[in-house]
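S.K.: One structure is given below, represented as structure tokens, and several questions about it will come after.
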Amino acid sequence: MTAQFPDHISFLGEDYVLNGLTNGSLFSPEDWGMGTQSECTALQKGFSASYAIIDEVLYVTRLYINSKDGLYPNIDGVTPVDGVYEGIKMKVPYTGKIRLVKDFDRKYYVHHGYQAAAAHHTVLDLSLNDGSVTEIVDRAEDARKQRELFEQGHGKSNRDAFGFQRIWRVLAMDFLP
């Protein structure tokens, strides 16, 4: 699988990448009667989303959807243009944990799927209840320790045939509980 386009979340004035979540999804085109199809190998799920946490509440703020049947209903009162929904501010009633990352270290880049959480210098785990943030845990030190373990055990390169497997195994941190 090609490296994938991640979803983004604006939080406290900073742009983060959504790196994981515990339950289901934050947004699903199927909930709006749309099936999706991939138009490129870097967007296998057929859509991408941008979110924002405003006053400790999670909202979807932008969508790009490649509808397999060409149907694009209004979402949150917004009519899309070429599959892009701009200007949305729809609360996401998600309950569970999400992982936000930023400050990616390119030496850990893997051209496969999504980048490992520990390959980033900023890692936050947020707990949400019905879309409201209830807890924030800074995981940057855990990520640093995982990178250090990788460096000690596997050197500084991911260039050989199994490098990406080692990066995923060692830098994966934990799966969100």
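The values are calculated or read from the model by the stated rules, or taken from the named source; none is laboratory data. Here the structure is a predicted model, which means the values were calculated and not measured. So basically every Cβ, Gly included, is an ideal-geometry build from the backbone, and we count neighbours across all protein chains shown.
S.K.: (1) touching a residue at least 40 places away in the same chain (Cβ under 8 Å); (2) in contact with a Lys or Arg (Cβ under 6 Å, 6 or more places away or on another chain): which one isn't true of Gly35, the others all being true?
M.R.: (1)
S.K.: Right, another one. Between Leu26, Leu43, which is modelled with pLDDT under 90 and either out of contact with any Cys (no Cβ under 7 Å at 6 or more places or on another chain) or assigned to a loop (DSSP other than H, G, I, E, B) (or both)?
M.R.: Leu43
S.K.: When Leu128 is evaluated against the numbered criteria (1) surrounded by fewer than 18 Cβ atoms within 10 Å (Cβ to Cβ); (2) modelled with pLDDT of 95 or more; (3) farther than 17 Å from Ala49 by Cα, which criterion, by number, is the only one it fails?
M.R.: The failed condition is (1).
Every residue, every condition in (1) closer than 18 Å to Leu26 by Cα; (2) among the charged types (D, E, K, R); (3) modelled with pLDDT of 90 or more, yes or no:
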{"residue": "Asp82", "(1), (2), (3)": "no, yes, yes"}
{"residue": "Ile88", "(1), (2), (3)": "yes, no, yes"}
{"residue": "Leu100", "(1), (2), (3)": "yes, no, yes"}
{"residue": "Tyr108", "(1), (2), (3)": "no, no, no"}
{"residue": "Ala140", "(1), (2), (3)": "no, no, no"}
{"residue": "Gln146", "(1), (2), (3)": "no, no, no"}
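S.K.: Something else about it: Mind listing just one residue for me: the one in the range 110-120 that is of a type in the set (Gly, Ala, Ser) and closer than 12 Å to Ala140 by Cα and, of those, modelled with the highest pLDDT? Reasoning before the result, please.
M.R.: To start, the set of residues in the range 110-120 that are of a type in the set (Gly, Ala, Ser) comprises 113, 116-119.
Restricting the remaining residues to those that are closer than 12 Å to Ala140 by Cα gives 117-119.
Numbers: Ala117: 75, Ala118: 76, Ala119: 81.
That would be Ala119.
S.K.: Restricting to the range 76-93, and then to whatever is assigned to a strand (DSSP E or B), of a type in the set (A, V, I, L, M, F, W, C) and under 26 Å from Asp55 (Cα atoms), can you tell me which residue is farthest from the chain's Cα centre (by Cα)?
M.R.: Val78
S.K.: Select from the range 5-23 the residues that are at pLDDT 90 or above and in a loop (DSSP other than H, G, I, E, B) and list them in ascending order.
M.R.: Leu12, Gly13
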